[in-house]
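Read the structure below first, then the notes.
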Amino acid sequence: MSSLARIAGRGVSEKKSIRLTDPAALPLFGIAPSASGITVTAASAMRVPAVRRAVSLIAESVATLPFKAYAENKDAAKDHPAYSLVHDWANDWTSAEELRELLTADALLTGHGFAQVVRVEGRPVELHRMDPGAVSIDYDDFGEPSYRVQLKNGGNAVLAHHDVLHIQGLRGVSPIVLAREAIALALAAEGHLAGFFKNGGRPSGVILHPNKLDAETAKKLAASWFQSHGGEQSGSTAILDEGMAFKEIAVKLADAEFSEVRREQVREIARAFNVPPALLYELSRGTWSNFEQSHRDFLTGTLRPWIARWQAAYTRVLLTPEERASFYIEATPDDLLSVEFAARATAYSQYRAMGAMTANEVRSGLNLAALPEGNELSNPFTTTPDAKPAPAAPKDSQDE
């Protein structure tokens, strides 16, 4: 294609048509089929405790990180409109933290999270979350996206890429879709276990009758047994007549390694969301040492990609190309390291010794009030205050 043809075709999006019965159409309705026969959706996946824990852990951790707009001299740019939107309030009814939590959860569950940027005279003033199901993305020949939003009145609106805060997972695909088999197996295991204990109807034994029973008699006998010894009546004394006998059958879930299957599903879900299993409370192999290491792995391996996505998305819609040379938006994950008390104290001590931080900066990091004399960069481990002369000894009367 010639350069002129490419320019002429700019803004034309590629369109594909599929039938509603095509399996490729199922994700459009939030439906992901699985080999186990269980349909996995965002709502059904959240019923799996491991999935809910992974989603809430990532979304809430990203939400609580302090995002700020900075000038090139590393001072907080509180006068820039982006500062309030990323640090304080996204709009009058949604805090910046709540918006990050909602959009990160949308990206984890559906693959995409969207918020419209409301501008007044070209300056961003508010961010409004949009339902991911109401937004479709069109790409032109150059890969520039535009966003088609279905309005509640039935109409459509097309927004440019700089008017939509867009957060997406890896390649825009939700872990729910990619790990649907693991999630479906977890749902199947939950359903099996629930049915196993339902009404106390576990196969604890069989009733032996000396005579051959017809189907109707056997059905009535079974119904009578469960009515007398099922549910809250489980374990009550049984009285048998007509020569019947009860033979106990020992059945253990461990025989089928059922517990290990459920633990493995938690580990599979942890892999899908890139979360250390220990943080999903799968502690079968957990120790104090590797649990602390899991928090560090979570920060470096799980959160940092999401932090980078948020920083880039904020910068794309809240800073103009010209402003990006003088301003930047950044998150500070230091609070996530507060569990490492000894390591943090050592780091602060070294920063003070090298003159990189003042006492008040250290106290600010510990959320303590500043001290009047705490703005000195001198090394407190080597510098001593000026020595005052010792007071003169009183003269003895005999010396006089």
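The values are calculated or read from the model by the stated rules, or taken from the named source; none is laboratory data. Here the structure is a predicted model, which is why all the values come from computation and not from measurement. Cβ: placed from backbone, ideal geometry, glycine included. Neighbour counts: every protein chain shown.
In table form, for the structure just shown:
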{"quantity": "Enumeration of residues in segment 87-129 that are within 20 Å of the chain's Cα centre (by Cα) and of a type in the set (D, E, K, R)", "calculated": "Glu97, Glu98, Arg100, Glu101, Asp106, Arg129"}
{"quantity": "Out of Gln311, Gln293, Gln265, sole residue that is modelled with pLDDT of 75 or more, in contact with a strand residue (DSSP E or B) (Cβ under 9 Å, 6 or more places away or on another chain) and either surrounded by 11 or more Cβ atoms within 10 Å (Cβ to Cβ) or not in a helix (DSSP H, G or I) (or both)", "calculated": "Gln311"}
{"quantity": "Residues that are small (Gly, Ala, Ser), in contact (Cβ under 8 Å) with a residue 40 or more places away in the chain and under 26 Å from Pro175 (Cβ atoms), drawn from segment 57-90", "calculated": "Ala59, Ser61, Ala63"}
{"quantity": "Subset of segment 112-139 [farther than 17 Å from Trp89 by Cα, in contact (Cβ under 8 Å) with a residue 40 or more places away in the chain and not acidic (Asp, Glu)]", "calculated": "His112, Gly113, Gly133, Tyr139"}
{"quantity": "Residue in segment 148-167 that is at pLDDT 85 or above, part of a helix (DSSP H, G or I) and hydrophobic (A, V, I, L, M, F, W, C) present", "calculated": "no"}
{"quantity": "Filtered residue count, segment 245-262, keeping only those that are modelled with pLDDT under 70, under 17 Å from Ala189 (Cβ atoms) and of a type in the set (Gly, Ala, Ser)", "calculated": "2"}
{"quantity": "Pairs, first touching a residue at least 60 places away in the same chain (Cβ under 8 Å) and within 16 Å of Val117 (Cα to Cα) in segment 147-158, second assigned to a strand (DSSP E or B) and among the aromatic types (Phe, Trp, Tyr), C-beta under 8 Å, six or more apart", "calculated": "none"}
{"quantity": "Among the residues listed as Ser284, Ser326, Ser364, Ser349, the single one being at pLDDT below 80, farther than 24 Å from Ile58 by Cα, of a type in the set (Ser, Thr, Tyr) and surrounded by 11 or more Cβ atoms within 10 Å (Cβ to Cβ)", "calculated": "Ser364"}
